[in-house]
1. Of all residues in the stretch 355-386 being aliphatic (A, V, I, L, M) and in contact (Cβ under 8 Å) with a residue 60 or more places away in the chain, which is surrounded by the most Cβ atoms within 10 Å (Cβ to Cβ)?
2. Among residues belonging to the stretch 227-279 that are outside any helix (DSSP H, G or I) and small (G, A, S), point out the one that is surrounded by the most Cβ atoms within 10 Å (Cβ to Cβ).
3. If we keep just the residues of the stretch 392-419 that are small (G, A, S) and under 22 Å from the mean Cα position of the chain (by Cα), which is nearest to P35 (Cα to Cα)?
4. Any residue that is within 30 Å of L282 (Cβ to Cβ) and at pLDDT below 80 - is there at least one of those in the stretch 119-129?
5. Just to be sure I understand the filter: pairs with C-beta atoms under 6 Å, separated by 6 or more residues or on different chains, first member in the stretch 435-464 and within 30 Å of V401 (Cα to Cα), second member among the β-branched types (V, I, T). Which pairs pass?
6. Give all pairs with beta carbons closer than 7 Å in which a residue from the stretch 55-78 that is closer than 13 Å to A188 by Cβ meets a residue that is aromatic (F, W, Y); count only pairs at least 6 apart in sequence or on separate chains.
7. Would you please list the contacts, defined by Cβ atoms under 8 Å and residues six or more apart or on different chains, that run from a residue in the stretch 99-114 that is under 30 Å from A158 (Cβ atoms) to a residue that is modelled with pLDDT under 90 and assigned to a loop (DSSP other than H, G, I, E, B)?
8. Residues in the stretch 439-461 that are within 18 Å of R207 (Cβ to Cβ) and among the basic types (K, R): how many?
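The values are calculated or read from the model by the stated rules, or taken from the named source; none is laboratory data. No experiment lies behind these values; they were computed from the predicted model shown. Using ideal geometry, Cβ is built from the backbone for each residue, glycine included, and neighbour counts are taken over all protein chains shown.
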Amino acid sequence: MRRLRLIASLCLPLGLGIGLSGCGLTRPPAQVEAPLPAQWHAPLPHGGSLASLADWWRQLDDPLLVELIAAAEAASPNVASAAARVAEARSTRVQAGAALLPSLDGTASASRGVSGSSLGAGGGGSTTSSSTTVAPLTTLQAGLQSKWEIDLFGRLRADRDSAEAKQNSANAKWHDARVSVAAETANAYFAERACQEQLRVAESDTRSRAETSRLTDLSAGAGFTSPADAALARASASDASGRLIQQRAQCAVQRKALVALSGIDETTLEQKLAASPAQRVLPAVGGIASVPAQAISQRPDVYAAELGVASASADVGSAEAERYPKLSLSGSIGRLQYRTDGFKQSLDTWTIGPLSLTVPLLDGGSRVANTDAAKARYAEAVSTYRASVRQAVREVEEALVNLDATAARTTDADSAVKNYQVSFNATQARYSSGLASLFELEDSRRTLFTAQTARVSLQRERTEAWVALYRSMGGGWSRPESSSMTTTPTAKVATSP
């Protein structure tokens with residue numbers, strides 16, 4: 001109680017003397033260290049240049065991909081949910097800010113009744129007589145009532161700061177949802193293109209094996225080829241036909257996934273895909289800062305986690321302030337009018353007060369428990385922030401490694417397909433002239449098919465690594481310049497101790 005009286009005696013005169021701004025319990029924020037390496041341990045694909053990442057999918061110069069991503073964002077429940085959370089957080093922020101200001105309510109009332117008076121007369125032995133006069137009474141009242149909680153210990157300001165951080169965090173999560181949808185759609189689109197490329201390889205292989213089977217059957221019928229070789233050729237053709245059917249089914253399933261993502265009718269989507277070029281060259285990668293701290297600051301999810309720490313810190317200050325006295329001031333002005341039997345009387349009223357001070361005494365430990373719970377949520381937010389930074393570093397490093405590895409393998413894959421094709425052509429010519437066996441031809445064909453399939457898979461891997469890198473870098477999002485956070489994930493984030 002001595003401590004409460006001392007705080008109240010210091011804060012109350014200060015609040016009344018300088019506009020009732022009060023004194024706050026919050027102290028200057030401390031710093032939370034984030035685990036970031038000094039440099040990347042994976043090769044940068046551009047030599048350290050810092051080109052813009054904004055709208056990275058437009059760099060492909062593929063209008064269909066841009067259209068699909070826009071359609072997917074419009075159809076995505078995750079983006080819609082994130083947008084709803086932004087609107088909710090904005091409303092909460094307005095409410096928290098309004099709590100710092102006086103409230104003003106208008107009131108009006110009307111009532112109607114009757115009023116009466118009695119008159120009596122009598123004397124001596126005469127009988128007493130009386131009369132009652134009844135008149136209607138109308139009462140009209142209108143006024144304004146105001147109430148203001150003076151933020152002595154910073155509870156309302158802490159609530160406002162927490163709500164503002166949550167609103168900014170919701171905005172960042174909305175951007176993160178958009179980036180995720182764009183990346184998912186791009187991956188589905190590239191998977192569709194890779195599936196169609198693999199389908200063309202399977203169709204070519206099937207046609208080649210079917211032609212070999214036909215010619216072998218003719219040769220066996222003329223007695224120039226053994227029945228065993230003819231059976232081998234037919235088995236090879238059937239095997240290729242089965243793979244072709246399987247590949248078509250895979251492409252059909254993949255297309256339905258793209259339909260579900262974009263919300264575009266399947267027939268319309270098929271027409272758009274048929275009218276668009278099958279494969280485009282991936283652009284050079286830019287915008288990957290050599291210093292991880294600069295790169296990670298571009299991620300909206302890390303920024304959201306950072307704001308989560310700030311919000312939790314403000315919540316601790318608010319819960320702590322709940323343990324101290326509350327000061328509120330109220331007042332009203334109004335007019336009251338009476339009307340009865342041709343008589344009218346108006347009264348103007350106003351009041352200032354009461355100026356009330358509420359001091360918490362006994363609450364069974366609930367306020368202390370609320371403070372402890374807020375501190376636990378703060379510790380959880382710090383842990384989540386640090387984990388998000390570690391995960392962000394991991395995702396960027398993995399994407400850099402995969403992109404570099406797929407780039408290095410591309411030349412070898414192209415060379416393998418080219419040379420296996422030359423070898424197959426030569427073996428086929430030798431087989432046609434009777435200098436090579438059917439077994440040699442089929443072995444050469446199988447090797448070529450494997451190399452062609454591997455090259456298509458590598459192209460798919462490279463596009464996935466390209467998308468993963470841009471997604472891990474935030475997809476072109478940049479931290480707001482007007483952010484209230486004074487630090488970055490460089491290693492520190494502002495919090496309360």
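1. Once the filter is applied, the top-ranked residue is A381.
2. At the first step, the residues of the stretch 227-279 found to be outside any helix (DSSP H, G or I) are 263-265, 276-279.
Keeping just the survivors that are small (G, A, S) gives 263, 276, 278.
Values: G263: 13, S276: 15, A278: 12.
So, considering only residues that are outside any helix (DSSP H, G or I) and small (G, A, S), the one surrounded by the most Cβ atoms within 10 Å (Cβ to Cβ) is S276.
3. A392
4. Checked against the condition, which is being within 30 Å of L282 (Cβ to Cβ) and at pLDDT below 80, the stretch 119-129 yields no hits at all.
5. Once the first residue is within 30 Å of V401 (Cα to Cα) and sits in the stretch 435-464, its partners that are among the β-branched types (V, I, T) give A451/V417; Q452/V201; Q452/V417; R455/V417; E461/T406; R462/T406.
6. L65/W57; L65/Y189; L68/Y189; I69/W57
7. Partner pairs satisfying both residue conditions: L100/D151.
8. Qualifying residue count for the region: 2.
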